[in-house]
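First comes the structure, then the notes that go with it.
A short reminder: the numbers here are calculations on the coordinates, not readings from a lab. As the structure is a computational prediction, the values presented were derived from the model and not from experiment. Neighbour counts are summed over all protein chains in view; Cβ atoms, including those assigned to glycine, are modelled from backbone coordinates with ideal geometry.
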Amino acid sequence: MGLDQYAYIRENTKKFYWRKHSKLQEFMENIWYKEQGNDEDFNCKDLVLTKEILEKLLKCVQTNTLPESAGGFFYGHQFQDDAAKDYQKEDIKFCKEALKAIEDGQQVVYTCWW
């Protein structure tokens with residue numbers, strides 16, 4: 001068991017997958033709870049990513065400033081710095097592909113399951 005994370009471009013078969021990338025999860029949870037004001041569990045919910053969110057994420061990934069995660073039982077937070085380093089290239093690729101998809105009028109969604 002653990003944290004499984006997905007992003008996909010609607011109306012496209014391209015999907016991205018992360019496993020226990022707790023800093024990415026913390027970033028997305030901050031959007032879900034703080035910026036969007038949701039009060040229900042983020043587990044198994046769709047978060048539609050905007051150009052602004054993706055640009056912010058890209059900057060955090062490129063500058064190694066993704067937020068620290070206090071972690072959840074299955075988040076792998078004790079290895080979050082290693083995971084962020086290991087996923088950095090894929091995170092950048094995701095952000096760039098997702099931004100291009102939005103430019104093309106498609107919707108990009110992030111979801112997680114723990």
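Brief remarks on what is shown
- Sorted by Cβ neighbour density within 10 Å, fewest at the top, the residues 91, 46, 39: 39, 46, 91
- Placing dummy labels 7 Å off each Cα toward the beta-carbon, the span from residue 46 to residue 100 is 2.3 nm.
- Once exposed loop GluC sites (Glu not before Pro) are cut out (DSSP; at most 15 other Cβ, 10 Å), longest piece of the chain: 69-114
- Put a dot 7 Å past the Cα of residue 39, heading toward its Cβ, do the same for residue 107, and the two dots end up 2.5 nm apart.
- Global size of region 4-113: 13.0, 38 Å for Rg and Dmax (C-alpha atoms, Rg to one decimal, Dmax whole).
- Restricting region 19-114 to trypsin sites (Lys or Arg not before Pro) in coil, as DSSP defines it, with at most 15 other Cβ within 10 Å: 45
- Given R0 = 22 Å, the distance between the Cβ atoms of residue 15 and residue 79 translates into a calculated FRET efficiency of 0.40.
- Around the Cα centre of region 4-113, unit charges on the Cβ atoms of Lys, Arg, Asp and Glu (plus for the first two, minus for the last two) sum to a dipole of about 380 debye.
- Each part gets one Cα centre, and for region 73-114 versus region 7-46 those centres are 9 Å apart.
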